[in-house]
Amino acid sequence: MSKEGAQTARWALSIAVDTVMMRNKPIREYYDSVKNRKGSGKFAHVSTMRKLTRMIFTMLKERKEWKYENPALTENKFSKLEEA
């Protein structure tokens, strides 16, 4: 990630990566593998931000669903939205 572009967008992506890493095992494994390979948590965090950015871009471009979606959780969230 370069320092070009909106600072707020980079901040939001950083928070998104932190959240996804807590709840998504494959993304966490990617972070850990980069950290072990490079020895830097900061580098691993930025690499994971880039990976998440590429995944989001691909989802939007190709109109795909989230690769690691849990259908039961998604259905539960939609049902709660309909109730409100």
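Each reported figure results from applying straightforward, stated rules to the coordinates on display, with no laboratory input. Quick caveat: nothing in here was measured; it's all calculated off a predicted structure.
Worth a mention:
- Using alpha carbons only: equivalent-ellipsoid semi-axes of the range 36-78, gyration tensor based, whole Å: 27, 15, 7
- For residue 76 and residue 11, the difference between the fully extended length at 0.36 nm per residue and the C-alpha to C-alpha distance is 20.5 nm.
- Per residue, the convex hull spanned by the Cα atoms of the chain measures out at 122 cubic angstrom.
- Pairwise Lys count, the range 32-84 - Cα closer than 24 Å, eight or more residues apart or different chains: 11
- Helix runs (DSSP H) in the chain reaching 24 Å along axis by Cα, Kyte-Doolittle at least -0.5: 7-23, 41-62
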